[in-house]
Amino acid sequence: MAHEFDAIVVGSGITGGWAAKELTEAGLKVLMIERGRDIQHGDYPRETKAPWDLPFRGEGDQTLYTSDYAVQRLNRHFTEFTQDHFVNDRENPYVTADDTRFTWFRSYQLGGRSLTWGRQCYRWSDYDFGANARDGRGTDWPIRYADLAPWYDKVESFVGVSGAHEGLAQLPDGKFQPAMALNVVELAMRERIRAKWPERVLTIGRTANMTEAKPDEGRANCQYRSICARGCSYGAYFSTQSSTLPAATKTGRLTVMTDKVVEAIDYDPATRRVTGVRFIDTKTKARGMATARLVFLNAGAFNSVHVLLNSANAAMPHGLGNSSGVLGTHIMDHANTLSGLAEVPGFEAHTTFGNRPTGIVIPRFRNMDRLDGRGHTRGFSYQGGALQSGWTRGKREAGFGTDFKHDLREAGAWRMVLVGFVECMPRATNRLTLDRTRTDANGLPLLKVDFAFGAEEHAGMVEAHETAKEMLEAAGGRFLFGSTEPGAGGTAIHEMGGARMGHDPATSVLNKWSQAHDVANLFVTDGAQMSSSACQNPSLTYMALTARAAHAAVGMLREGLI
Amino acid sequence: MIAKAPSDPTELRDHLARRDVLRGAALLTLVLGVPAHALVANPTGVSGHQMALLRQVCKLVIPRTDTPGAGDVGVSEFVVLALDHGLLGDGQADHLVWLEHVLGANFATIGAAQQVDRLGAIDRAAFPAGPPPATPSPWRRIKGLILTGYYTSEAGASRELQYELVPGRFDPDLPLHPGDRAWSSDWTAVDFG
Ligand SMILES: Cc1cc2nc3c(=O)[nH]c(=O)nc-3n(C[C@H](O)[C@H](O)[C@H](O)COP(=O)(O)OP(=O)(O)OC[C@H]3O[C@@H](n4cnc5c(N)ncnc54)[C@H](O)[C@@H]3O)c2cc1C
Ligand code: SF4
């Protein structure tokens, strides 16, 4: 059969961009197909707006948000400046099981969530890849850190990740650009915490914001604006637009189609191969198809599962690549909440200049070489930072008039924020299905999310809160507030799993090359492949797995294996 | 290569597209940039008396000093717009009716000192020491919107405070002197207060 393309990449977000870059650079002719609209790099109309340029001063039209962005509005990064980079919930519905609270934060556009992400980039370690084997929950990862280390190197170097080397086993160092600085309060907190607990290391967030320009790639260094989700015409943070798409385009082998939602992947039972994808034009509703020798599914974890479930066929009635029956199960998201907030006295004569687009991280220190967590066997970590409060503090203070105005003119007290991320156990009961009784505007069945945190995540949240309080107080902070209640599922925006990797085709969907056990020319390299969740942000690991899978796929293609 | 971010036409198009959700011609006019003070009567249900009262309250909360105050930069119009879009319909009238009620019918005619006393009582009751009250006073929201309206106006953000969209560098530790003006463009501080 003649194929139009060597490979089709479904989705243009963080992982789709990587798949397109790696496959085209390896010589393949690639079609990247994206459901959302085209966004050209630099076409970020609100990037440089001031609050007074916008009708609602940055806070947005709450009437519109209620009707059209009921979920997205719950995310701190969703503002009047960034709203056009998030999905319209009314037009793109999903459903949840009766007792499920799940906020699914999405961006359907060229670049996907690479435009809106928080850019935190953390390697996973063997504490993470070995987690399922160690406590017997979930299925063992078929890979370990050593399998991924060279791919982390490659990805970090290209992405441009700034960060500090700390020599920690639980958070391996990478190929970093020079770190952004800890501010004066964070630096003091780091020393004070370390003096009491040497294993608790507060370090600068490792972030895909560049401190060194890459002139050859047309990317400038960061200007310390911290407005990244508006889009950055400097190209100083990693997005598909700033980074992988130009690289893939440069090969001359990439075709991009936008406004086309992939409804299903076609499967030929005779060859036991996929042959291409079927799609719907989201504007005209016209159907189309494209053929290729291999397919990379990069629609974002939940949407990739949607495509696989919706690709059920006579030979695979429960979904493409689902002979195991686990497709859609074991979805995860970090349990996530504000674990601790404290006022930090003693720095009243200090301030900073510039808006650093990253905070701090305190990597896990529990359940490493011994199981010392209370009521849980996995990790938790913190992100946050110290900041000097601004005019918005006036909203919670009594007062008005000239004195009040003079008071708000100056920076307020220093505060330290610690947000906890607790590892989520893989559970069969947390799963995605298709609700075929309801369809969206394209006639596609709605995704249904069934999700709850369990005893382990709640225990981790309690410990994350107590430990945050203990650290903030020991470091001289006056504790103000902290929660033990995780936000709704999806709050961490690290939703993953559903097509997990494993050794055994009977209990997993993908093998160690992110390749479907059942279908040799189908690769799923986004979050769907994750077998456990760790407590680090996952996208760097998705990127490394994508680059590794692309390399493997090209090798198999050349050897005539697929 | 640094591409330029355009484009006012896009902004305008956005606004026009959202016209259907903007109730009232006056609000539309406001959004499209006709100076706020050009609005006299307001068809969205805000009475002239409420509008005048709100403007007076804005002046009391953020008076004119060496920089403009909330009465000088259209904050009351922003509060009405935000209430109208924040509370789904009738909330706006509720808040302003409440304000009219608690300040008293004669508020406009009493002396400045008395106005401060009355507003002070409402303000102290709304912001008691300790944790925020279970049923917050509507004043918390009105005052919050006045502060937003002021500190996100050009004068409030860039003259009363300092505004720098492109700092270009990060200094992690600088001396802070009394009287130094805070940065309205410190988005993290704005978020986490
Ligand atoms: C505000 C925010 C902050 C975040 N912060 C971080 C962070 O600091 N660190 C981190 O690691 N992660 C972070 N994340 C998560 C991160 O964005 C995701 O993990 C990452 O984008 C996943 O990459 P992806 O390619 O799998 O999916 P996406 O980037 O979501 O891209 C998927 C693309 O596929 C398209 N698509 C979906 N379905 C179809 C279909 N059927 N047909 C065609 N196209 C389709 C979508 O429109 C989208 O463009 C954050 C996310 C958000 C929203
Ligand atoms: S903070 Fe840096 S990366 Fe983010 S938008 Fe500004 S210049 Fe770009």
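The values are calculated or read from the model by the stated rules, or taken from the named source; none is laboratory data. Note that the coordinates shown come from a computational prediction; the quantities given were computed from them, not determined experimentally. Cβ: placed from backbone, ideal geometry, glycine included. Neighbour counts: every protein chain shown. The protein model used for the area step is the full one, side chains on, heavy atoms only, and it has no ligands, DNA or RNA in it. Shrake-Rupley method; radii C 1.70, N 1.55, O 1.52, S 1.80 Å.
Peptide B:138-151 has a mean shielding of 4, counted as Cβ atoms of other protein chains within 10 Å of each residue's Cβ. Computed with every protein chain present, the accessible area of A:W124 is close to 0 Å² [probe 1.4 Å]. Positive contributions from Lys and Arg (+1) and negative ones from Asp and Glu (-1), summed over other residues with Cβ under 12 Å from the Cβ of A:A301, come out at 0. Pairing chains B and A buries close to 6900 square angstrom of accessible surface in total, based on protein heavy atoms and a 1.4 angstrom probe.
Once you have the Kirkwood Rh of the stretch B:42-160 from its Cα pairs, apply Stokes-Einstein at 20 °C and 1.002 mPa s and quote D in µm²/s. Display every interim value, and only then the final one.
Details: Rh = 14.8 Å.
Using the Kirkwood radius from Cα pairs, D works out to 145 µm²/s.
Structure note, pairs A:K260/A:K512; A:K49/A:K395; B:K59/B:K143; A:K49/B:K143; A:K21/A:K285: Cα-Cα distances above 22 angstrom occur for A:K260/A:K512; A:K49/A:K395; A:K49/B:K143; A:K21/A:K285. Peptide B:60-67 shows a mean partner chain C-beta count of 4 within 10 Å per residue C-beta.
Per residue, the convex hull around the alpha carbon atoms of the protein assembly as shown comes to 154 Å³. Here A:K196 is the anchor, and the lysines within straight C-alpha reach of less than 23 Å, apart from those fewer than 8 places off in the same chain, are A:K469. Mind checking which of B:G130, B:L83, B:Q56 is farthest towards the positive end of the stretch B:42-160's charge dipole, using Cβ charges of +1 (Lys, Arg) and -1 (Asp, Glu) about the Cα centre? Highest projection toward the positive end goes to B:G130. Other residues lying with their Cβ under 14 Å from the Cβ of A:D140 contribute a combined charge of 0, Lys and Arg counting +1, Asp and Glu -1.
Relative to the Cα centre, the charge distribution of the stretch B:42-160, modelled as +1 at Lys and Arg Cβ and -1 at Asp and Glu Cβ, gives a dipole magnitude of about 260 debye. Counting only DSSP H runs of at least 4 residues, each contributing -39500 (n - 2.57), and dividing by the residue count of chain A, the helix-based mean residue ellipticity at 222 nm comes to -6500 deg cm²/dmol.
Other residues whose C-beta falls under 11 angstrom from the C-beta of A:Y94 contribute a net charge of 0, scoring Lys and Arg +1 and Asp and Glu -1. The mean number of Cβ atoms from other chains found within 10 Å of a Cβ in peptide B:153-162 is 3, as a whole number. Across the accessible surface of the protein assembly as shown, with the other protein chains kept in place and a 1.4 Å probe, carbon and sulfur atoms take up 53 percent.
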